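Here is the structure we will look at.
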Amino acid sequence: MPTLTLANLSKTYPNGHQALRGVTVTVGDGEFMVLVGPSGCGKSTMLRLIAGLDTPSQGSIAIDARAVDDLAPHDRDIAMVFQNFALYPHLSVRRNLSLPLELRGLAREEISRRVRETAALLDVEALLDRKPGQLSGGQRQRVALGRAMVREPKVLLFDEPLSNLDASLRASMRVEIKALHRRLRTTTVYVTHDQEEAMTLGERVMLLRAGVVQQCDSPLNVYRAPANRFVAGFIGHPRMNFVEGSLVGEGASRRFVGTLPTGAPCEMVIHPAHLPRLAGHHRVVLGLRPTSFELAPQAGAWRIPVTVVEVLGETMDVYSGSGPEALVVRLCTRGVPPPNGVVELSPRASEAAWFAPGDEGLALLPPT
């Protein structure tokens, strides 16, 4: 499988909007790369530039070290799966699969072989004589995927292909797409706004914000060692909690002193492994995942007034406050606290993330 290389890729539209700003990345042989970020961050623009549906303002695109910037979309040997399936409603599934090959002038026997093998791979053999209107959403998505795969492209592009499906079908299709990629190892770039989709599908995740790459790493590294506050707040559900405060004391007794969103004071002794990297810092932002707390009615525990409790089965999400600044804690369901009650919690200092204050909020314990 080929590599896909983007070098200093930028796109500025005539109205002055900068959709992409100097993106440089290489998608390895057979790698599954996921582009994720909020609406308008530039991820779909990047996909269109790779596909040749738009031209970059600056930078270059290469497949297997061969520049493709001047090639038309049909000459780049790239296939794309769209959000809305984009199937021909008047053609059967068989013709939807075979038409891209017919247009390329392949022999009838080769077309028949590829359609047969692709249909078997996607478990749509029994649907070949049906038309798209006779299929369920999941079946149409398989056919759309098959129409891209049947071409045996060098690079496969996905533009939010599961966003029109219901939650349970999205989950099952994620499993199917991941299993299929492990079998075929086609170099793949997948665009989504859903961070859960990004975490479950990607071998690497590239997080974009306003056209700028915030972090590009394995899903676990993005989750465990976010490069800045934006990454930390975007990846993970519920999102990471942030508490502003100061570092006080010296040596092993150094601790964090801050104010919770509810206005209550809080303290936490800094984990020894974090001390060297925090030397010289005073004002900081403490980041804690909702899972980084345990019930601990003892001295020094954080007293959290309960606003809302969401019971999820074996776990529950306890909210303190409302809006984007609310503190969220995920606990085992052991006696659900009542609204307007109080829980006493101890944060796990070893799981803390630390950020500089301000809008950028760069990580003080950056990824290694």
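Close amide H partners of Trp354, meaning residues 5 or more places away or on another chain with modelled amide H under 5 Å apart, are Gly287, Leu364, Leu365.
Averaging the sequence gap over all C-alpha pairs within less than 8 Å and six or more residues apart, then dividing by the number of residues, gives the chain a relative contact order of 16 percent. Centroid-to-centroid, using Cα positions, the stretch 108-142 and the stretch 315-347 are 48 Å apart. Under the classification rounded if a/c is under 1.5, otherwise prolate if a/b is larger than b/c and oblate if not, where does the stretch 1-143 fall, given a ≥ b ≥ c as square roots of the Cα gyration tensor eigenvalues? In terms of gyration-tensor shape, prolate. Here the chain is treated with +1 on each Lys and Arg Cβ and -1 on each Asp and Glu Cβ, and its dipole about the Cα centre works out to around 480 debye. Here the chain has 51 percent of its accessible surface on carbon and sulfur atoms, given a 1.4 Å probe and all protein chains in place. Where both bridge residues fall in the chain, DSSP classifies roughly 75% of the beta bridges as antiparallel.
Which whole-number value in Å² is the accessible area per residue of the chain, probe 1.4 Å? Don't skip to the end; give the middle numbers.
Details: 17380 Å² over 368 residues.
Ligands and nucleic acids excluded, the result is 47 Å² per residue.
Result for the chain in a Gaussian network model with C-alpha springs under 10 Å: among Ala225, Ala72, Ala356, the largest mean-square fluctuation is at Ala72.
Using bins of 20 Å that start at zero, the share of Cα-Cα pairs per bin across the chain amounts to 25, 46, 25, 4, in whole %.
Across the stretch 240-248, computed HN-Hα scalar couplings (Karplus, 6.51 cos²θ - 1.76 cosθ + 1.60, θ = phi - 60°) run 5, 8, 10, 10, 7, x, 9, 9, 10 Hz from first to last residue, x flagging Gly and Pro. Here the scattering of the stretch 282-344 is modelled by Debye summation over its C-alpha atoms, one equal scatterer each and no solvent; at q = 0.13, 0.24 Å⁻¹ the log10 of I(q)/I(0) is -0.35, -1.11. Springs between Cα atoms under 10 Å define the GNM used for the chain, and in it the highest mean-square fluctuation of Pro347, Pro339, Pro261 occurs at Pro339. Rounded to whole numbers, the Karplus 3J(HN,Hα) couplings from phi for the stretch 102-117 are 4, 5, 8, x, 6, 5, 4, 5, 5, 4, 4, 5, 5, 5, 5, 5 Hz, using 6.51 cos²θ - 1.76 cosθ + 1.60 with θ = phi - 60°, and x at Gly and Pro. When restricted to Cα atoms, the stretch 35-89 yields an Rg and a Dmax of 12.7, 38 Å, respectively. Look at the dipole of the chain built from charges on Cβ: of Asn241, Gln58, Ile78, the Cα furthest out on the positive end belongs to Ile78.
Using a Gaussian network model of the chain in which every pair of alpha carbons under 10 angstrom is joined by a spring, one finds that among Thr192, Thr262, Thr45 the greatest mean-square fluctuation is at Thr262.
The values are calculated or read from the model by the stated rules, or taken from the named source; none is laboratory data. The shown structure was predicted, so the numbers you read here are calculated from the model rather than taken from an experiment. Neighbour counts are summed over all protein chains in view; Cβ atoms, including those assigned to glycine, are modelled from backbone coordinates with ideal geometry. Ligands, DNA and RNA are stripped out before the accessible areas are found, and what is left, the full protein with its side chains, is counted by its heavy atoms. Shrake-Rupley method; radii C 1.70, N 1.55, O 1.52, S 1.80 Å.
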